[in-house]
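Reading through the structure tokens given below for one structure.
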Amino acid sequence: MARNLALEFKPIRVNFVSPGLVDTEMWDAIMSPEVKGGMFDYLAGKHPTGKVATAADIAEAYIYLMKDRFRKLVKVLSEA
């Protein structure tokens, strides 16, 4: 998809961020804090970094892509 967008919109740069599990307020609306905490602890234990990403972590991925004007058609997996 990103490649097609890059070809269609060139010379505009096209990059994309693919976040994994992100701890946001949305989770608070759909599950109790106990269930959320248990799920995040379990999934963090399965991840090499041992943590769940935050919105700030994902924002850093976007900033990384925006800093270099020559960086294009890059996929960033942002999973904490």
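Every read-out reported here was derived from the displayed coordinates using simple, explicitly stated rules and does not represent laboratory data. Because the structure is predicted, anything quoted here is derived from the model rather than measured. Glycine also receives a Cβ, built like all others from the backbone with ideal geometry; neighbour counts cover every protein chain displayed.
So who's got an amide H within less than 5 Å of the one on THR54, skipping anything under 5 residues away but keeping other chains? H placed 1.01 Å off N, in plane.
Counting only residues 5 or more places away or on other chains, the set is ASP23.
Identify, among ALA61, GLY38, GLY20, the residue whose Cα sits farthest towards the positive end of the charge dipole of the chain, taking +1 on the Cβ of Lys and Arg and -1 on the Cβ of Asp and Glu, with the dipole about the Cα centre.
Final value for the positive-end residue is ALA61.
Tell me the net charge near MET39. Cut-off is 12 Å between Cβ atoms, MET39 excluded, with +1 for each Lys or Arg and -1 for each Asp or Glu.
-1
Give me the count of lysine pairs in region 2-78 whose alpha carbons sit under 29 angstrom apart, restricted to pairs 8 or more positions apart or on different chains.
Total qualifying Lys-Lys pairs in region 2-78 comes to 11.
Starting from region 4-69, pick out the trypsin sites (Lys or Arg not before Pro) whose DSSP state is loop and whose Cβ has at most 10 other Cβ atoms within 10 Å. Provide the component values of the computation, followed by the final result.
Working: sites: ARG13, LYS36, LYS46, LYS51, LYS67, ARG69; in loops: ARG13, LYS51, ARG69.
When the trypsin sites (Lys or Arg not before Pro) of region 4-69 are filtered for loop state and at most 10 Cβ neighbours within 10 Å, ARG69 remain.
Gain in length, TYR42 to GLU8, computed as 0.36 nm per residue apart minus the alpha-carbon separation, to one decimal in nm? Don't skip to the end; give the middle numbers.
Working: separation 34, 0.36 × 34 = 12.24 nm, distance 4.13 nm.
That works out to 8.1 nm of additional length.
Evaluate the relative contact order of the chain (contact order divided by residue number), counting alpha-carbon pairs under 8 angstrom at least 6 apart; express in whole percent.
Relative CO of the chain lands at 46 percent.
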